[in-house]
Amino acid sequence: MKASIIFLLVALLGTSCSGVKVSQDFDSATNFSKLKTFAWQSATQEKTGDIRVDNPLLDSRIREAVEQTLTENGYRRESKGTPDFYVGYELSIRTRIGSDGASTSVGFGVGGGSRSSGSFGGIGVSSGGGVQEYDEGMLVIDITDTKTKDLLWRGTATRRISRHATPEETTETVNEMVGKTLVQFPPQP
């Protein structure tokens with residue numbers, strides 16, 4: 001019984017830490033079932049001025065994850081002709097401030113002193129929570145019409161990210177954000 005409670009707590013903590021939040025927006029007049037082939041909007045990612053984002057290794061991971069996810073979902077990358085849609089992305093990293101939430105606690109205590117001082121008691125009251133700074137990554141993936149250049153679909157993912165992640169952790173984070181974003185594409189009626 002005790003082991004199963006510990007396992008449940010660890011599982012809940014593990015899932016709450018990942019916390020990828022996703023959303024989508026799309027043109028409801030688009031017939032997404034006609035989209036079969038894709039290509040990248042641009043061959044290289046536009047520089048943002050943020051050294052954490054302007055990283056060719058990170059760009060490669062994101063592009064690989066997008067291509068793999070789209071391919072697994074039945075889309076084909078078009079390298080010679082005109083594709084049905086273009087894919088583009090933007091990544092930003094923002095510093096956020098978060099708190100553990102408000103909490104209160106009250107404590108009572110009674111103690112004995114020496115013969116001359118007698119006994120004593122105390123009450124302690126605490127409120128507030130811890131405040132910390134963290135980085136949040138936001139990945140926006142756009143699907144654009146190749147003929148009109150109109151935006152057809154946009155998926156957004158946000159997640160806390162580590163400031164000092166290993167390459168493996170970065171790849172895992174990218175794959176998770178891309179996967180959870182593109183699971184929404186194409187939008188379901």
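Below is a table of values for the structure above.
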quantity: Residue, farthest from the chain's Cα centre (by Cα), within the range 66-98, restricted to residues that are surrounded by 11 or more Cβ atoms within 10 Å (Cβ to Cβ) and small (Gly, Ala, Ser); calculated: GLY88
quantity: Of all residues making up the range 22-67, the number that are part of a helix (DSSP H, G or I) and either in contact with a Ser or Thr (Cβ under 8 Å, 6 or more places away or on another chain) or of a type outside the set (Asp, Glu) (or both); calculated: 13
quantity: Extreme residue, farthest from ASN31 (Cα to Cα), among residues of the range 145-164 that are of a type in the set (Val, Ile, Thr) and in contact with a helix residue (DSSP H, G or I) (Cβ under 8 Å, 6 or more places away or on another chain); calculated: ILE161
quantity: Residues of the range 156-181 satisfying the condition of being of a type outside the set (D, E, K, R) and not in a helix (DSSP H, G or I); calculated: THR156, ALA157, THR158, ILE161, SER162, HIS164, ALA165, THR166
quantity: Residues located in the range 77-111, provided they are more than 22 Å from LEU139 (Cα to Cα) and at pLDDT 85 or above; calculated: GLU78, SER79, LYS80, GLY81, THR82, PRO83, ASP84
quantity: PHE7 being over 22 Å from THR171 (Cβ atoms), at pLDDT 95 or above and hydrophobic (A, V, I, L, M, F, W, C); calculated: no
quantity: Subset of the range 169-189 (residues that are β-branched (Val, Ile, Thr) and surrounded by 15 or more Cβ atoms within 10 Å (Cβ to Cβ)); calculated: THR170, THR171, THR173, VAL174, VAL178, THR181
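The values are calculated or read from the model by the stated rules, or taken from the named source; none is laboratory data. Keep in mind the model is a prediction, meaning the values are calculated, not measured. When we count neighbours, we look across all protein chains shown, and the Cβ atoms used for this are built from the backbone with ideal geometry, even at glycine.
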